[in-house]
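Single-structure report; data block below.
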Amino acid sequence: MLIALDPEGLFVMMELKVVQKGKKVNLSPHQISFLIKHSKMGAPVFILVQHKLLGGPLNYLSLYEGRRAIEVFERGIDAPFLLRYLASSVDWSEIRKKLLT
(Lines give C-alpha, C1' and ligand atoms only; values in the text may rest on other atoms or scores of the structure.)
Protein backbone atom coordinates (compact mmCIF):
# COMPACT_ATOMS: atom_id res chain seq x y z
CA MET A 1 0.00 0.00 0.00
CA LEU A 2 1.26 3.45 -0.89
CA ILE A 3 0.20 6.24 1.47
CA ALA A 4 0.51 9.96 0.73
CA LEU A 5 0.96 12.05 3.87
CA ASP A 6 -0.44 15.43 2.98
CA PRO A 7 0.61 18.29 3.38
CA GLU A 8 4.15 16.93 3.82
CA GLY A 9 4.09 15.49 0.31
CA LEU A 10 5.79 12.33 1.58
CA PHE A 11 4.88 8.88 0.27
CA VAL A 12 5.16 5.91 2.61
CA MET A 13 5.01 2.24 1.61
CA MET A 14 3.31 -0.13 4.00
CA GLU A 15 2.78 -3.88 3.86
CA LEU A 16 -0.50 -4.80 5.56
CA LYS A 17 -0.84 -8.21 7.22
CA VAL A 18 -3.37 -10.04 9.38
CA VAL A 19 -2.38 -12.86 11.74
CA GLN A 20 -5.50 -14.83 12.61
CA LYS A 21 -3.86 -17.62 14.57
CA GLY A 22 -0.45 -18.03 16.17
CA LYS A 23 2.40 -15.57 15.75
CA LYS A 24 3.62 -16.06 12.17
CA VAL A 25 3.51 -13.08 9.80
CA ASN A 26 3.33 -14.45 6.25
CA LEU A 27 5.73 -12.33 4.24
CA SER A 28 6.71 -13.70 0.84
CA PRO A 29 10.34 -13.66 -0.32
CA HIS A 30 9.37 -10.92 -2.79
CA GLN A 31 7.83 -8.77 -0.03
CA ILE A 32 10.88 -9.24 2.20
CA SER A 33 13.22 -8.34 -0.65
CA PHE A 34 11.18 -5.25 -1.52
CA LEU A 35 11.08 -4.03 2.09
CA ILE A 36 14.81 -4.58 2.68
CA LYS A 37 15.88 -3.10 -0.67
CA HIS A 38 13.79 0.04 -0.29
CA SER A 39 14.72 0.59 3.35
CA LYS A 40 18.42 0.44 2.35
CA MET A 41 17.65 3.12 -0.26
CA GLY A 42 16.25 5.31 2.52
CA ALA A 43 12.60 4.92 1.51
CA PRO A 44 10.05 4.92 4.34
CA VAL A 45 8.73 1.34 4.38
CA PHE A 46 6.75 -0.32 7.15
CA ILE A 47 4.78 -3.43 8.06
CA LEU A 48 1.45 -3.04 9.86
CA VAL A 49 0.06 -6.24 11.41
CA GLN A 50 -3.32 -6.90 13.00
CA HIS A 51 -3.17 -9.81 15.44
CA LYS A 52 -4.17 -11.23 18.81
CA LEU A 53 -1.81 -11.69 21.76
CA LEU A 54 -1.75 -14.83 23.91
CA GLY A 55 -4.88 -16.19 22.27
CA GLY A 56 -6.98 -13.48 23.93
CA PRO A 57 -10.10 -11.95 22.42
CA LEU A 58 -8.61 -8.50 21.78
CA ASN A 59 -7.08 -7.45 18.47
CA TYR A 60 -3.84 -5.48 18.33
CA LEU A 61 -2.06 -3.46 15.67
CA SER A 62 1.73 -3.54 15.57
CA LEU A 63 3.92 -1.32 13.40
CA TYR A 64 7.33 -2.63 12.30
CA GLU A 65 10.15 -1.01 10.34
CA GLY A 66 10.54 -2.46 6.85
CA ARG A 67 14.25 -3.01 7.48
CA ARG A 68 13.21 -5.63 10.04
CA ALA A 69 11.28 -7.72 7.48
CA ILE A 70 13.47 -10.80 8.00
CA GLU A 71 13.00 -10.60 11.78
CA VAL A 72 9.25 -10.17 11.35
CA PHE A 73 9.19 -13.21 9.07
CA GLU A 74 11.33 -15.30 11.46
CA ARG A 75 9.93 -14.16 14.83
CA GLY A 76 6.43 -13.14 13.80
CA ILE A 77 4.64 -10.74 16.12
CA ASP A 78 7.43 -11.17 18.70
CA ALA A 79 9.84 -9.18 16.49
CA PRO A 80 10.82 -5.72 17.78
CA PHE A 81 8.05 -3.27 16.90
CA LEU A 82 7.87 0.52 16.73
CA LEU A 83 4.36 0.80 18.14
CA ARG A 84 1.65 -1.55 19.40
CA TYR A 85 -1.95 -0.67 20.23
CA LEU A 86 -5.22 -2.31 21.00
CA ALA A 87 -7.01 -2.14 17.65
CA SER A 88 -9.92 -0.40 19.34
CA SER A 89 -7.73 2.44 20.66
CA VAL A 90 -5.10 3.20 18.03
CA ASP A 91 -3.40 6.59 18.27
CA TRP A 92 -3.25 7.37 14.55
CA SER A 93 -1.49 10.69 15.17
CA GLU A 94 1.39 8.85 16.88
CA ILE A 95 1.56 6.37 14.01
CA ARG A 96 1.67 9.29 11.57
CA LYS A 97 4.62 10.78 13.50
CA LYS A 98 6.50 7.47 13.26
CA LEU A 99 5.85 7.30 9.53
CA LEU A 100 7.36 10.77 9.11
CA THR A 101 10.59 10.03 11.01
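The values are calculated or read from the model by the stated rules, or taken from the named source; none is laboratory data. Given the structure is predicted, the values throughout are model-derived calculations rather than measurements. As a convention, Cβ positions derive from the backbone with ideal geometry for all residues, glycine included, and neighbour counts pool all protein chains shown.
Every residue, every condition in (1) over 11 Å from the mean Cα position of the chain (by Cα); (2) loosely packed, with under 15 Cβ neighbours inside 10 Å; (3) modelled with pLDDT of 95 or more, yes or no:
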{"site": "Q31", "(1), (2), (3)": "yes, no, yes"}
{"site": "K40", "(1), (2), (3)": "yes, yes, yes"}
{"site": "F46", "(1), (2), (3)": "no, no, yes"}
{"site": "V49", "(1), (2), (3)": "no, no, yes"}
{"site": "E65", "(1), (2), (3)": "no, no, yes"}
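Which residue, of L54, L48, L35, is assigned to a strand (DSSP E or B) and not hydroxyl-bearing (S, T, Y)?
L48
Given the structure, is R67 under 24 Å from F11 (Cα atoms), free of Cβ contacts under 8 Å to residues at least 40 places away in the same chain, out of contact with any strand residue (DSSP E or B) (no Cβ under 6 Å at 6 or more places or on another chain) and not in a loop (DSSP other than H, G, I, E, B)?
Spelling it out, R67 is indeed under 24 Å from F11 (Cα atoms), free of Cβ contacts under 8 Å to residues at least 40 places away in the same chain, out of contact with any strand residue (DSSP E or B) (no Cβ under 6 Å at 6 or more places or on another chain) and not in a loop (DSSP other than H, G, I, E, B).
In the range 6-29, what residues are within 13 Å of the chain's Cα centre (by Cα) and not in a strand (DSSP E or B)?
Passing the criteria: V19, V25, N26, L27.
Give me the pairs: first residue in the range 34-55 and in contact (Cβ under 8 Å) with a residue 12 or more places away in the chain and within 13 Å of E15 (Cβ to Cβ), second residue surrounded by fewer than 19 Cβ atoms within 10 Å (Cβ to Cβ) and among the hydroxyl-bearing types (S, T, Y), beta-carbon distance under 9 Å, and six or more apart or on different chains, which are they?
Listed by first residue and then by second, the contacts come to P44/T101; V45/S39.
Output the number of residues of the range 76-91 satisfying the condition of being in a helix (DSSP H, G or I) and touching a residue at least 24 places away in the same chain (Cβ under 8 Å).
Final tally of qualifying residues: 5.
Determine which member of the set G9, G56, G22 is surrounded by fewer than 11 Cβ atoms within 10 Å (Cβ to Cβ), on the phi > 0 side of the Ramachandran plot and at pLDDT below 95.
Only one candidate passes the filter, namely G9.
What's the total number of residues in the range 79-92 that are modelled with pLDDT under 95, out of contact with any Leu (no Cβ under 9 Å at 6 or more places or on another chain) and farther than 19 Å from M1 by Cβ?
Residues in the range 79-92 being modelled with pLDDT under 95, out of contact with any Leu (no Cβ under 9 Å at 6 or more places or on another chain) and farther than 19 Å from M1 by Cβ: 1 in total.
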